[in-house]
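The values are calculated or read from the model by the stated rules, or taken from the named source; none is laboratory data. The shown structure was predicted, so the numbers you read here are calculated from the model rather than taken from an experiment. With ideal geometry, Cβ positions are generated from the backbone for all residues, glycine too; neighbour counts draw on all protein chains shown.
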Amino acid sequence: MCRSRQEKIIVVSTSRHLIWIALGGFVGFVASFIFGDLHTLPLDLYYLIYFVIIVGFFTVYIKRTRLNLKGCFSKRLIWGIILGLIFAVVMAQNVLSRPATLRFTGPYLVWLIFWRGLVYGAIDGFLLSVYPWIVTWRAFHVGKKPLSRKIAFGLLAWVFILLTTTAYHAGYADFRSKKMIQANIGNTIMSIPTLVSTNPIGTPIAHAALHIVAVIHSPKTQLFLPPHRE
């Protein structure tokens, strides 16, 4: 069937956007595999390298695709924050329900709450959930579609979230196991605020809360703060 020029432009635009999904998963895997698995770097140095790579990738994406960040965050912002806080409590309870480990105290704990908790959690939330959702929404112009179509594309975004989450965690040796299922379940739960509110802010709030509580309650966790070292 012949397509109009406008239809062809839409198809090409959609394809170009979706390529960024694959790039996001690839960058996440490379960062975690090379610097978190192949090279046994001090944890905080690894996180610095990881943050630089992911923030750099986001910057390239924003500039190359002319993403309007203000427009993304302005719509239904209050709902995004409310849902983010609700799921932050859910994820905090999940961490606290598990056994505690040896804990840090004093100024170093404050530093870890900021670095491994707030910053690491927020960046993970953006890479694993917000980024695939934004790309999906832009690729298919979902914002202009009726509610039923938004729900359908929300499910598609969730599939891309699972793919990105799997690619990133596959870079860590211990997640190349049944633990991958736990990672995907957890990130699915934390993705709900963004998928439901269609605002990016909720998921990073929930993800940062999980990391912060893990840093305080069980910093030696074998699940919440990869890479895990003996």
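Which pairs do you get when a residue that is touching a residue at least 40 places away in the same chain (Cβ under 8 Å) and among the charged types (D, E, K, R), found in the range 25-48, comes within reach of a residue that is surrounded by fewer than 17 Cβ atoms within 10 Å (Cβ to Cβ) and part of a helix (DSSP H, G or I), reach meaning Cβ atoms under 7 angstrom, with the pair 6+ apart or on two chains?
Within 7 Å, the pairs are Asp37/Ala173.
Name every residue in the range 13-40 that is among the β-branched types (Val, Ile, Thr), part of a helix (DSSP H, G or I) and surrounded by fewer than 18 Cβ atoms within 10 Å (Cβ to Cβ), in order of residue number. Reasoning before the result, please.
Going residue by residue through the range 13-40, those that are among the β-branched types (Val, Ile, Thr) are 14, 19, 21, 27, 30, 34, 40.
Filter once more, so that each one left must be part of a helix (DSSP H, G or I): 14, 19, 21, 27, 30, 34.
Within the range 13-40, Thr14, Ile19, Val30, Ile34 meet the criteria.
Does any residue of the range 60-83 turn out to be within 17 Å of Pro132 (Cα to Cα), in contact (Cβ under 8 Å) with a residue 24 or more places away in the chain and not in a helix (DSSP H, G or I)?
yes
So which residues in the range 41-53 are within 17 Å of Asp174 (Cα to Cα) and assigned to a helix (DSSP H, G or I)?
Leu43, Tyr46
Out of Met91, Met190, which single residue is part of a helix (DSSP H, G or I) and touching a Ser or Thr at 6+ places or on another chain (Cβ under 7 Å)?
Among Met91, Met190, only Met190 is part of a helix (DSSP H, G or I) and touching a Ser or Thr at 6+ places or on another chain (Cβ under 7 Å).
Among the candidates Lys178, Lys220, Lys150, single out the residue that is of a type in the set (D, E, K, R) and under 18 Å from Tyr47 (Cα atoms).
Lys220
Quick check: anything in the range 204-215 touching a Pro at 6+ places or on another chain (Cβ under 9 Å) and not in a helix (DSSP H, G or I)?
Looking through the range 204-215, none of the residues is touching a Pro at 6+ places or on another chain (Cβ under 9 Å) and not in a helix (DSSP H, G or I).
Kindly provide the set of residues from the range 147-187 that are assigned to a helix (DSSP H, G or I) and polar (S, T, N, Q), ordered by number.
As a first pass, look at the range 147-187 and keep what is assigned to a helix (DSSP H, G or I): 147-169, 173-175, 179-187.
Passing the criteria: Ser148, Thr164, Thr165, Thr166, Gln182, Asn184, Asn187.
Filter the range 125-141 down to the residues that are over 16 Å from Tyr61 (Cα atoms) and crowded, with 19+ Cβ neighbours inside 10 Å, then identify the one that is modelled with the highest pLDDT.
Here the answer is Gly125.
Restricting attention to the range 42-57, which residues are in contact with a Phe, Trp or Tyr (Cβ under 7 Å, 6 or more places away or on another chain), surrounded by 15 or more Cβ atoms within 10 Å (Cβ to Cβ) and not β-branched (Val, Ile, Thr)?
Those that are in contact with a Phe, Trp or Tyr (Cβ under 7 Å, 6 or more places away or on another chain), surrounded by 15 or more Cβ atoms within 10 Å (Cβ to Cβ) and not β-branched (Val, Ile, Thr): Tyr46, Tyr47, Tyr50.
If we scan the range 213-221, do we find a residue that is surrounded by fewer than 24 Cβ atoms within 10 Å (Cβ to Cβ), within 13 Å of the chain's Cα centre (by Cα) and modelled with pLDDT of 95 or more?
No, the range 213-221 contains no residue that is surrounded by fewer than 24 Cβ atoms within 10 Å (Cβ to Cβ), within 13 Å of the chain's Cα centre (by Cα) and modelled with pLDDT of 95 or more.
Residue pairs, Cβ under 6 Å, 6 or more apart or interchain, first in the range 141-161 and free of Cβ contacts under 8 Å to residues at least 60 places away in the same chain, second aliphatic (A, V, I, L, M). List them.
Lys150/Val142; Phe153/Val142; Gly154/Leu195
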